[in-house]
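Report on the structure given below.
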Amino acid sequence: MRLYCATSNPGKLREFRLAAGGGWEFVPLAGAQPCEETGETFEDNAIQKAVYYSRHAPGLLFAEDSGLEVGALGGSPGVRSARFAGEGAGDEANNRLLIERLRGATNRAARYVCVIALAREGKPLRTFRGEVEGQITDEPRGANGFGYDPYFFYPPFGITFAEAAPDRKLEVSHRGRALRQMFAWLKESRGDSQSPPTGRT
């Protein structure tokens with residue numbers, strides 16, 4: 001089954017393919033102007049992007065919004081995770097700012113969140129949410145993953161997400177959980193465009 005996706009992030013595309021297994025083709029949407037993300041929640045932004053980009057896709061399209069919520073920072077960086085250190089900031093700058101803001105904090109609890117929205121021809125079909133709890137380390141560990149993974153320590157594994165093998169990380173990650181929900185729903189509904197246009201799992 002072919003699915004269009006509103007991202008060209010190579011790390012995310014690898015995780016999409018790894019989570020799907022066989023039988024799915026992911027086509028990054030090209031040519032559309034970037035969608036402005038103005039939502040205050042991951043759900044808002046995911047739906048906003050899916051509705052916008054699906055108008056330019058000849059089939060089902062999904063978009064996701066994901067990020068890190070840190071308790072000691074009042075839930076930041078949250079929806080601004082990819083641009084925490086400013087527009088155009090990369091992983092290194094975002095991580096550096098995160099550790100600076102947490103200097104001296106004893107509460108290192110954090111949560112990764114991912115919301116995927118599925119749409120067709122400008123109409124939202126469904127959203128899927130995945131979360132995973134962890135801790136923020138003082139020093140980066142591991143060379144796998146992307147984003148905040150080198151600092152995201154997952155207690156059940158005893159390592160950071162950047163130290164985990166990609167397939168093992170995806171078993172428990174926020175994105176893996178949301179993707180599995182979406183694939184299960186698509187298999188049940190077969191992407192029927194008459195499915196209810198609202199709701200979440």
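The values are calculated or read from the model by the stated rules, or taken from the named source; none is laboratory data. Here the structure is a predicted model, which is why all the values come from computation and not from measurement. Backbone-built Cβ (ideal geometry, glycine too); neighbour counts: all protein chains shown. Accessible surface areas use protein heavy atoms only, side chains included; no ligands, DNA or RNA. Shrake-Rupley method; radii C 1.70, N 1.55, O 1.52, S 1.80 Å.
Hey, what's the Cα Rg ratio for the chain versus the globular rule of thumb, 2.2 N^0.38 Å?
Relative to the rule-of-thumb radius for its length, the chain sits at 1.01.
Which whole-number percent of Cα pairs in the range 51-153 have a distance greater than 23 Å?
The calculated P(r) of the range 51-153 puts 35 percent of pairs beyond 23 Å.
What are the ³J(HN,Hα) values, in whole Hz, obtained from phi via the Karplus relation 6.51 cos²θ - 1.76 cosθ + 1.60 with θ = phi - 60°, for each residue of the range 136-149 in sequence order, with x given for Gly and Pro?
Calculated HN-Hα couplings, in order: 9, 7, 7, 10, x, 9, x, 10, 8, x, 7, x, 8, 3 Hz.
With runs of 4+ DSSP H residues as the only contributors, calculate the mean residue ellipticity of the chain at 222 nm using -39,500 (n - 2.57) per run, divided by the residue total and rounded to the nearest 500.
Helices in the chain give a 222 nm mean residue ellipticity of -9000 deg cm²/dmol.
Measure nothing fancy, just the Cα-based angle from helix 91-101's long axis to the longest principal axis of the chain, in degrees from 0 to 90, nearest 10.
Between the helix axis and the principal axis of the chain, the angle is about 50 degrees.
Excluding residue 163 itself, what net charge comes from residues whose Cβ is under 13 Å from its Cβ, given Lys and Arg +1 and Asp and Glu -1?
+1
Given axes a ≥ b ≥ c from the Cα gyration tensor, I'd like to know whether the range 81-120 is rounded (a/c under 1.5), prolate (a/b larger than b/c) or oblate.
Oblate.
Based on the alpha-carbon gyration tensor of the range 54-102, what equivalent-ellipsoid semi-axes (square roots of 5 times the eigenvalues) come out, in whole Å, largest first?
Output for the range 54-102: semi-axes of 28, 13, 7 Å.
Name the residues whose placed amide hydrogens come within less than 5 Å of the amide hydrogen of residue 132, ignoring near sequence neighbours (fewer than 5 apart) on the same chain.
112, 174
Can you compute 3J(HN,Hα) from phi for each residue in the range 78-90, using the Karplus curve 6.51 cos²θ - 1.76 cosθ + 1.60 with θ = phi - 60°, rounded to whole Hz and x for Gly and Pro?
Listing the rounded values in order: x, 5, 9, 4, 6, 10, 4, 8, x, 4, x, 5, x Hz.
With θ set to phi - 60°, apply the Karplus curve 6.51 cos²θ - 1.76 cosθ + 1.60 along the range 50-62 and write out the HN-Hα couplings as whole Hz, x wherever there is a Gly or Pro.
The phi angles translate into 5, 5, 5, 6, 5, 5, 10, 10, x, x, 5, 9, 10 Hz.
Distance between the C-alpha centers of the range 1-47 and the range 120-136? Whole Å please.
Rounded to whole Å, the Cα centres lie 11 Å apart.
Please work out the FRET efficiency for the pair residue 2 and residue 100, using the Cβ-Cβ distance as r and a Förster radius of 45 Å; give the result to the nearest 0.05.
Plugging the Cβ-Cβ distance into 1/(1 + (r/R0)^6) gives 0.55.
Which of the GluC sites (Glu not before Pro) across the range 1-74 are loop residues per DSSP, with 11 or fewer other Cβ within 10 Å?
36, 40
Please compute P(r) over all alpha-carbon pairs of the range 111-195, binned at 5 Å starting from zero, and give each bin as a whole-number percent.
3, 14, 23, 19, 13, 10, 9, 6, 3, 0
Report, to the nearest 10°, how far helix 10-20 tilts away from the longest principal axis of the Cα atoms in the chain, using its own Cα long axis and a range of 0 to 90°.
Helix 10-20 and the main axis of the chain meet at about 60 degrees.
With every protein chain left in place and a probe of 1.4 Å, what is the accessible surface of residue 137, to the nearest 10 Å²?
Around 20 Å² of this residue is reachable by solvent.
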